[in-house]
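See structure below.
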């Protein structure tokens, strides 16, 4: 990481170094954190987090290994079926995408859990009031999508704890239509990467427009103050890293290509998660959901809610 | 449609008007073309296409009704399991997305059909040689995705008629990684709309940058020649409409908000489809596939191919 203002890390009483000889590479398999890389920096850090020697963990390393380590070492919150990797989309205001890729195959109940975790995160960490939860779908009607979306629509509509605003089409995400966007990890991955790809294309195109010849360079001089805002709009890094929701302590995945500023943002985000006790409030809400599910199955709850309408 | 150069339609020997009193609205259900709207302009046109009174059909109307009408009136090609609505993504070079939304639930065999139809279209209409076919997925490895993608990967790899280049992640679409991108209609819809949404956001942002104050307007004067290229890059309309692949005659869905130029492009595209006999060559290749399938099931073909490796 290139630090703009270098500090003396070894003689800084705000920083304590725990030395390890091993580290997880991008090629390592996710489960390495419990095997041959159990004494790597990643696994050591996660163990310290679990043992209470730290309040949050930030890493820009191997996402699969970090997610596996979070699940296997720090452990998931009781009552959460599947932890998820959320991603903050750089919209205005930002939209939290849950799941952005951790769970390829999910049930409608998983999506209900994603909604609760995402809303709690946006309310606690981003100060959003009554976070609006949308379901990513191929149309706005309740009958749209595959069986997964149709059943999830029913569960989300009937859960009085969720401020569900209905199905959201992918071209509406940019239009302040929701604060939390719920989807399976396969679709979430496609969405996130297509938006990243298009964002990069927009920035490259702007660069070509403004820097390819003399006229362009003159134009660039005229608008350079605003270009920074444009960059922010098409670049997710400014918003920090991806929180792993449903893990019992805060674990943040910083972007692999993070610079010093992005790392700082991810650390600030981890601090907010810890100070605002996101994990504890998610655990409380998970308990409420478990109670609800004990009283009635998903199908029963949907039928009950529809009868009540 | 606003025509820049108005022509006298009624006294033009290149145009023949067939009068109808009814038309399909955006609110009509897809099946209306066989029911209460059977004598609408859309249904009449499709019937004329089927009867050989025309060579291709272009419409900017209700997509669901047009697709249903194409299937029910013009009929699908023998051997094609599911016709699809393809969309040309405005990349450089363009990428044909199949399916962009017609079929929410598909089998691996459907995706194999999409690959064959898409490749034939790009070769015949866009002059691409040996069109590269990619499978939209959440990673490049053969084991990525849901069961659908994993099985489709096997079928596509084993089909010697398809120039399969493997899994394509959504951030690679912009990087000339394939000519045809195969996916189910649910994921295709999400991808297409997110790209459309981000494209619009890019153009809006550029507009704000260049027109919001005097400095911006001066900058705009300097780069205005290049702005047209930028618009083209983020705006699909320039490439024509969406071909309905697997229908026995050319049916093109023009964008609902088409202007005269976009309509002209869609009509030119329809002419290319008809002149280059895309439907006939797709029918030929569908027959070959039927023959292959008769000889062995999908699972057998994959196993055979893997044994042969």
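Taken together, the values in this text are just the output of simple stated rules run on the coordinates, not laboratory data. Just so we're clear, the structure is a prediction, and the values are computed from it rather than from any experiment. Ideal geometry is used to build each Cβ from the backbone, glycine not excepted, and the neighbour counts take in all protein chains shown.
Worth a mention:
- Report note on the peptides A:27-37, A:68-78: ranked by the mean count of other C-beta atoms within 10 Å, highest first, their order is A:68-78, A:27-37.
- Enclosed volume per residue, in Å³, of the convex hull spanned by Cα atoms of segment B:1-138: 177 Å³
- Rounded to 0.05, the FRET efficiency of the residue B:165 and residue A:34 pair, given R0 = 35 Å and the Cβ-Cβ distance, is 0.45.
- Segment A:65-144 shape via C-alpha gyration tensor axes, a/c threshold 1.5: oblate
- Here is how far apart the residue A:228 label points are across copies: 3.5 nm, shortest first, using a point 7 Å from Cα toward Cβ.
- The label-point distance for residue B:225 and residue A:224, in a model that sets each label 7 Å from Cα toward Cβ, rounds to 2.4 nm.
- Label spacing, shortest first and in nm, from residue B:51 to its equivalents in the remaining copies (7 angstrom along Cα→Cβ): 8.4
- Cut-off 12 Å (backbone N to label point 7 Å along Cα→Cβ of residue A:21), residues of segment A:32-52: A:39-40
- Note on chain A: antiparallel DSSP beta bridges, both residues inside, total approximately 35 percent of the bridges counted.
- Across every direction, the projection of the convex hull enclosing the Cα atoms of segment A:158-273 has a mean area of 9.9 nm².
- Per residue of B:225-231, other chain Cβ atoms within 10 Å of the residue Cβ number 3 on average.
- Taking N as its residue count, the alpha carbon Rg of chain B over 2.2 N^0.38 Å: 1.08
- Separation of alpha-carbon centers, segment B:174-231 and segment B:54-126, rounded to whole Å: 25 Å
- Chain B, relative contact order in percent, only Cα pairs under 8 angstrom and at least six apart counted: 23 percent
- DSSP beta bridges confined to segment A:120-226 are antiparallel in about 0 percent of cases.
- Antiparallel %, DSSP beta bridges [both residues in the protein assembly as shown], to 5: 35 percent
- Summarising the overall dimensions of the protein assembly as shown from its C-alpha atoms, the Rg and Dmax are 26.5, 89 angstrom.
- Using a simple spin-label model with pseudo-atoms 7 Å out from Cα toward Cβ, residue B:105 and residue B:277 lie 3.8 nm apart.
- Each helix, a run of at least 4 DSSP H residues, gives -39500 (n - 2.57); summed and divided by the residues of chain A, these come to -15000 deg cm²/dmol at 222 nm.
- With its label point defined 7 Å out from Cα along the Cα-to-Cβ axis, residue A:31 lies at 5.0 nm from the matching points of the other copies, in increasing order.
- Stokes-Einstein D in µm²/s, Kirkwood radius over Cα pairs - segment B:107-147 at 25 °C with 0.890 mPa s viscosity: 213 µm²/s
- Note that segment B:83-210 carries a Kirkwood radius of 14.7 Å, evaluated over its alpha carbons pair by pair.
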